[in-house]
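The values are calculated or read from the model by the stated rules, or taken from the named source; none is laboratory data. Note that the coordinates shown come from a computational prediction; the quantities given were computed from them, not determined experimentally. Counting neighbours? That spans all protein chains shown, and the Cβs are built from the backbone with ideal geometry, glycine included.
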Amino acid sequence: MAGGKEPIEVKFRLFDGTDIGPSKYDPSTTVSALKELILSRWPQDKEITPKSVNDLKLINAGRILENSRTLAESRVPVGEVPGGVITMHVVVRPPQADKNSEKQLANSPKQNRYLISSQALYDTNILQDSNS
């Protein structure tokens, strides 16, 4: 591994509670590259399937990860068990129905338009409560 750094073991929790992984990744792997891997390993039996990496968001410890950041930069060591598996939550933008729906959506008040697991919401609330 580059720079003598140990690989980081990550699993990706989908909105329905199922997982992709765990697998080990080089710390220099970008969030964008992780999204590509998730897209390529997406289970075929899911009703909602992302069409591109733009339909995915990764959340770690209540934070949405930026595509240009590396896995090492995106880690939140507080609460991590040494040698343990990091669980990142995958949020999927639901597919748009048609042009009329898109116009209605564009004219509606801005709101979150992603599917997220209840566990990710729970984790985020705990993190926010502990930071208060």
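Quick look at the values:
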item: Conditions (1) at pLDDT 60 or above; (2) outside any loop (DSSP other than H, G, I, E, B); (3) not basic (K, R): number failed by S130; result: (1)
item: Hits in the range 31-76 - residues which are closer than 15 Å to F12 by Cα, in a strand (DSSP E or B) and in contact with a helix residue (DSSP H, G or I) (Cβ under 9 Å, 6 or more places away or on another chain); result: L56, K57, L58, I59, N60, R63
item: Qualifying residue in the range 76-84 (condition: surrounded by 12 or more Cβ atoms within 10 Å (Cβ to Cβ) and modelled with pLDDT of 90 or more); result: no
item: Among residues of the range 27-52, those that are charged (D, E, K, R), in contact with a strand residue (DSSP E or B) (Cβ under 8 Å, 6 or more places away or on another chain) and closer than 19 Å to P7 by Cα, counted; result: 1
